[in-house]
Amino acid sequence: MNFYLNQVLKAFSEMDAQQIGELLDSQYTYQEVPLEIFIEKLEVVFEEFKKEGDTRLEILPGTCSNFYCNPDYIRTAYRFVGDQTRNYLDFRFLLELTDNKQDHTILDIFHCNSLNCQVQKDWYAEPKFLKIHWNEKSDFKVDPDEILHSELALEAVQFLPLTPEFLSFEELNAWLLKYFPTFDFFVNSSMDYPFYETMSWDEFAQKYDRLNGCYKCVSTLEKNGYLDNRKKMHDLPEKALIEKVCEIENILIDGPLDEFFNDLNEEADYQMIIQETKLGGEIFDKLKRFLVWFNLLQKQLVQKYYALTESQTDEFIEAEDYLDPELTLKLLFFHMEIRSKAKARGEYIPVGFIDIDLSNL
């Protein structure tokens, strides 16, 4: 029968977000957002299904088993399952009988975390969700500046994939300067929101922070002459060389450290990828050559001045006092600091105390 509810379900099955938008009533909110945003989010998820190979969604009727969720309405829910991937969407439908008792009005549609399918199947794959941000919800109070900077944040994120093969150092600087006021606005915002909520500008803020950290780090290395003066550094007495290596390590720590300490090959093309953004060009080529040299030098010095016994190393890794304890053990300044503190206590840690292979750490 071609009732209203059946038409909506058919549109879900066909992954036709536009048709769903035409059928649903814009006077209601869906998943706590206006209809327009709800449809945009559906389109994103439907595209994911399609890219993964699904051509339609199978409709499995179910019920919501959370009796505290909208208890005054019938507990109708549906699982929409991809015909190829078996990935699925679970939605609760808030329904109200029409006056003639022949059909239903759809008052709301939202994710159901407590869905029991009437048709039991044990082969479901991964659940999918609409990514709704707190500032997109209908009851969110927003000021004009927030609207402006939200649009700029979206523009900034969309710009990055449109760049050529990579973003040059100069282009990165221009992007950072252009969108700094937007980053500054959100970072210094006094808005307090629940820890479990996300904002539509979170992706932009994360990208900006990491890319800015990279830019500052490379700028500092270049300004201090480290990228061009490897031979001069290598000719330094060991005590002075150790001080320089520790200084460089601290510069790298202030940047996106994990990207800088990846395995490098002198012959390989080098494009640093930070927050899914490729960075390349002359200065990054120099950075690659410098890091290949620096990582080898650093490893030799760490092996010579390694300050922990084998049991202390195991204890350090298991304690997880650092975000990345294995990476910490590769840092010369970490071991020099241990030696310095031991010396202040009157203890002695001999050079070359332990012969340990750090290549797997």
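The values are calculated or read from the model by the stated rules, or taken from the named source; none is laboratory data. Everything numeric here is computed off the predicted structure, so don't read it as measured data. All Cβ positions, even for glycine, are placed from backbone atoms using ideal geometry, and neighbour counts span all protein chains on display.
A compact table of results
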read-out: Counted residues, the range 131-182 - those being over 13 Å from SER200 (Cα atoms) and aliphatic (A, V, I, L, M); value: 7
read-out: Filter pass, PHE186 being of a type in the set (A, V, I, L, M, F, W, C) and over 30 Å from LEU57 (Cα atoms); value: yes
read-out: Scan of the range 1-54 for residues that are charged (D, E, K, R), more than 21 Å from HIS104 (Cβ to Cβ) and in contact (Cβ under 8 Å) with a residue 60 or more places away in the chain, ordered by number; value: LYS41, GLU48
read-out: Top-ranked residue in the range 199-214 [being surrounded by fewer than 20 Cβ atoms within 10 Å (Cβ to Cβ) and in contact with a strand residue (DSSP E or B) (Cβ under 9 Å, 6 or more places away or on another chain); ranked as nearest to LYS141 (Cα to Cα)]; value: ARG210
read-out: Selection within the range 98-135 - of a type in the set (A, V, I, L, M, F, W, C) and within 20 Å of PHE49 (Cα to Cα); value: ILE109, PHE110, CYS112, TRP123, ALA125, PHE129, LEU130, ILE132
read-out: Verdict on THR105 being at negative phi, in a strand (DSSP E or B) and either of a type outside the set (Ser, Thr, Tyr) or surrounded by 12 or more Cβ atoms within 10 Å (Cβ to Cβ) (or both); value: yes
read-out: In the range 318-337, the residues that are within 21 Å of ASN295 (Cα to Cα) and in a helix (DSSP H, G or I); value: PRO325, GLU326, LEU327, THR328, LEU332, PHE333, PHE334, HIS335, MET336, GLU337
read-out: Any strands (runs of 3 or more DSSP E) falling wholly within the range 20-102 and containing at least 3 residues that are over 30 Å from the mean Cα position of the chain (by Cα) and aromatic (Phe, Trp, Tyr); value: none
read-out: Any chance PHE38 is touching a strand residue (DSSP E or B) at 6+ places or on another chain (Cβ under 6 Å) and surrounded by 15 or more Cβ atoms within 10 Å (Cβ to Cβ); value: yes
read-out: Checking GLU267 against (1) touching a helix residue (DSSP H, G or I) at 6+ places or on another chain (Cβ under 9 Å); (2) surrounded by fewer than 17 Cβ atoms within 10 Å (Cβ to Cβ); (3) at pLDDT below 80; (4) acidic (Asp, Glu), the condition it does not meet; value: (1)
read-out: Identity of the residue in the range 76-97, among the polar types (S, T, N, Q) and out of contact with any helix residue (DSSP H, G or I) (no Cβ under 8 Å at 6 or more places or on another chain), that ends up farthest from THR55 (Cα to Cα); value: THR76
read-out: Filter result (in a helix (DSSP H, G or I) and of a type outside the set (S, T, N, Q)) within the range 3-19; value: TYR4, LEU5, VAL8, LEU9, LYS10, ALA11, PHE12, ALA17
read-out: Conditions (1) exposed (fewer than 14 other Cβ atoms within 10 Å of the Cβ); (2) at negative phi: number failed by GLY53; value: (2)
